[in-house]
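Undergrad: Mind looking over this structure? Questions follow.
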Amino acid sequence: MVVLQRFTSFHQFNKHKLSSIQFFTCSVKPRKHHPPFKISCDYNQKLVLEFDPKIPIEEAITPPSSWYTDSCFYTHELNQVFFKGWQAVGYTEQIKEPRQYFTGRLGNVEYVVCRDDGGKIHAFHNVCRHHASLLASGSGKSSCFVCPYHGWTYGLDGALLKATRIKGIKNFKVNEMGLVPMRVAVWGPFILINFENGVLPEQESDFDFVGNEWLGSSSQILADGVDSSLSFLCRREYTIECNWKVFCDNYLDGGYHVPYAHKGLALGLTLDSYSTTIFEKVSIQRCETGSAEKDQDFDRLGSKALYAFVYPNFMINRYGPWMDTNLVLPQGPRKCLVIFDYFLDSSVKGDESFIAQSLEDSETVQMEDIKLCEAVQRGLESPAYCSGRYAPQVEKAMHHFHSLLYENLSD
């Protein structure tokens, strides 16, 4: 009762006080309600159009920082860039024998690649058709895939072999419940997947057909430099706190950063000889090696280094008896996983000292690059930066990369 009296007194006081206050009103426009998908598409398209690939590199500005930081743009990128066309996912030695398999993930797509008893290579979505559990993990050897959740079993050809405890189920068609297939092909030592839905044309197993689709007119050049006889040595993985394109941009600057960030590597390269050749979806950088590393004990670089970038995220580095590949997997707007696979010529396969020194040198370069890339990502997130410029003589491959991105993203 006391509380009520106090409230009444307070109300009467404020009623008197409020009567002396002027109120200003304004008309409020009714808010438009757009479908979320339309808003997202319009927003992404606006960001895409902030880069113009038609402007010559001498006058062009780089894509805006939002391409490297925005979460909606990142999702758009996965759909338009990575889920279209061929993507390198592994190498043939991973499934050299029948029944071997390996798994992977790109964006929200889980996949498994295997070789069946007849030697045929298959790729499937790594998801059980029952309740969506992942089937396989890592890599290994198995005669079938058994779901760890409820025991549903699939053959290496994807067919459903066993569905446990489904007595009484109706309208169940076994031949429609196999693993969802993906398009798979082999080029040289590399295994490729195409994430687009569709049939599996027989010609996709053809070396030249896949090479032309994936590499265009650079196919023969790379075929000469990528020797399938090279032996796999080892794999190293690096999680980097940067957008995946930051790592690619760093790779594509025509050696611009090498004398400043990789002083040890720079001693072994003749940087004035750096050249870049642009193809449809590939850029190839070449550089002659200097004399610093050419001694009787250690010659890792050979006479010439070749750095090939295969759009959108695969790099092939060939020098001397050595080859390494870099696969850049987006993990979010500001994180990527870079997988290094190392291959070796048979002439130095038993040279433990050469291998150890080569891996050590490679590790040094990667640590230097990681530091650069993470610093760039932090700069991209600063309000002080929006877009930059190109160094026309050396950053042609980078501009080509951005132009291909524009083409996919505006499609």
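Undergrad: Among the residues of region 374-411, which ones are under 19 Å from Y251 (Cβ atoms), open to solvent by less than 40 Å² (accessible area, probe 1.4 Å), of a type outside the set (F, W, Y) and part of a helix (DSSP H, G or I)?
TA: Of everything in region 374-411, those that are under 19 Å from Y251 (Cβ atoms), open to solvent by less than 40 Å² (accessible area, probe 1.4 Å), of a type outside the set (F, W, Y) and part of a helix (DSSP H, G or I) turn out to be Q377, G379, L380, A397, M398, H399, H400, H402, S403, L404, L405, N408.
For every residue, the table says whether it meets (1) of a type in the set (D, E, K, R); (2) open to solvent by less than 30 Å² (accessible area, probe 1.4 Å); (3) over 12 Å from P181 (Cα atoms).
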site: C114; (1), (2), (3): no, yes, no
site: D117; (1), (2), (3): yes, no, yes
site: F124; (1), (2), (3): no, yes, no
site: L134; (1), (2), (3): no, no, yes
site: G138; (1), (2), (3): no, no, yes
site: F145; (1), (2), (3): no, yes, yes
site: P148; (1), (2), (3): no, no, yes
site: W152; (1), (2), (3): no, yes, yes
site: G155; (1), (2), (3): no, yes, yes
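Undergrad: Shifting gears a bit: Within region 176-210, how many residues are at pLDDT 90 or above and in a helix (DSSP H, G or I)?
TA: Matching residues across region 176-210 total 1.
Undergrad: Also: So D157 passes all but one of these: (1) outside any loop (DSSP other than H, G, I, E, B); (2) of a type outside the set (S, T, Y); (3) closer than 19 Å to E110 by Cβ. Which condition number does it fail?
TA: Against the list (1) outside any loop (DSSP other than H, G, I, E, B); (2) of a type outside the set (S, T, Y); (3) closer than 19 Å to E110 by Cβ, D157 comes up short only on (1).
Undergrad: Okay, moving on. Among (1) part of a loop (DSSP other than H, G, I, E, B); (2) open to solvent by less than 10 Å² (accessible area, probe 1.4 Å); (3) closer than 17 Å to G138 by Cα, where does E97 come up short?
TA: Unmet for E97, out of (1) part of a loop (DSSP other than H, G, I, E, B); (2) open to solvent by less than 10 Å² (accessible area, probe 1.4 Å); (3) closer than 17 Å to G138 by Cα: (2).
Undergrad: Would you tally the residues in region 47-67 being in a helix (DSSP H, G or I) and under 11 Å from S387 (Cβ atoms)?
TA: Of the residues in region 47-67, 2 are in a helix (DSSP H, G or I) and under 11 Å from S387 (Cβ atoms).
Undergrad: Shifting gears a bit: Please verify whether F343 is out of contact with any Cys (no Cβ under 9 Å at 6 or more places or on another chain), surrounded by 18 or more Cβ atoms within 10 Å (Cβ to Cβ) and among the aromatic types (F, W, Y), treating the condition exactly as stated.
TA: Yes; evaluated as a whole, the condition is true for this residue.
The values are calculated or read from the model by the stated rules, or taken from the named source; none is laboratory data. Here the structure is a predicted model, which is why all the values come from computation and not from measurement. Every residue, glycine as well, gets a Cβ built from its backbone with ideal geometry; the counts of neighbours run over all protein chains shown. Ligands, DNA and RNA are stripped out before the accessible areas are found, and what is left, the full protein with its side chains, is counted by its heavy atoms. Shrake-Rupley method; radii C 1.70, N 1.55, O 1.52, S 1.80 Å.
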